[in-house]
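Here the structure is laid out as structure tokens; the discussion comes afterwards.
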Amino acid sequence: IYKIASISKVIVAIGLLMLYDQKLVDLDRDISFYLDYPVRNPNYPKKKITLRMLLTQTSSIKDNGGLIDGIYKGYYGSNMTDDYIKLEDILNPNSDLYYDSYSDYEPGTNFEYSNLGCGIIACVCEKITKKHFRNYIKEVLLDPLGIDGGFRVNDIKNQENLASHYKFYNNEFHLFRDLESF
């Protein structure tokens, strides 16, 4: 069992599309509606950003340097430490991070891979289901399929088969057996 990194975007998309199948989301509706605050590229303030754009990596929302590693607090992630940055703080025009979080192209016109966009989709899923995203996915997808996995290492039952992970910093590799500290 190993950390799948960006392959998890498929799981996030499936989670959203399950809500779409239940007619709980509209892929072409402004994501501002779901998040309860305005989300606009400052270069194109009249152009809405949609879930379809997030799914197809064309939203013009980009990863803000290495910031993505500490961002995801979500709607129901208040149990995380205070040093995490809320999504709203990144997408808010009053934030210092705002202008660095958008590309110069009009939303819906260009492809640009965005980890942040995937986190936004997860936040929309949380807002609709009123559940932590990791719990929602376990409940509706992983458990029904009998998959021993999840977005947190503690959700994995068969940990003796968990692959070790390494992270490179200070010019050397460091082993992390506990993925919570990874």
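Bear in mind these aren't lab numbers, they're just calculated from the coordinates by the rules spelled out. Model, not experiment: these values are computed from the prediction. Neighbour counts run over all protein chains shown; Cβ positions are idealised from the backbone, glycine included.
With 0.36 nm allotted per residue and the present C-alpha distance subtracted, the LEU97-LYS130 stretch has 9.2 nm of extension available. Each residue, ILE14 and ASP28, gets one label point 7 Å from its Cα in the Cβ direction; the gap between the two is 2.8 nm.
On a 31 Å Cα-Cα criterion, which of the cross-link pairs LYS46/LYS130; LYS46/LYS138; LYS9/LYS86 come out too long?
Numbers: LYS46/LYS130 29 Å; LYS46/LYS138 37 Å; LYS9/LYS86 20 Å.
Cα-Cα > 31 Å for LYS46/LYS138; rest within.
Here the gap between LYS46 and ASP155, fully extended at 0.36 nm per residue and compared with their Cα-Cα distance, gives a gain of 35.1 nm.
For TYR37 and ASN170, calculate 0.36 nm times their separation in residues minus their Cα-Cα distance, and state this gained length in nm to one decimal. Walk me through the numbers on the way to the answer.
Numbers: separation 133, 0.36 × 133 = 47.88 nm, distance 3.91 nm.
Here the answer is 44.0 nm.
Between region 38-57 and region 130-165, the alpha-carbon centres lie 31 Å apart.
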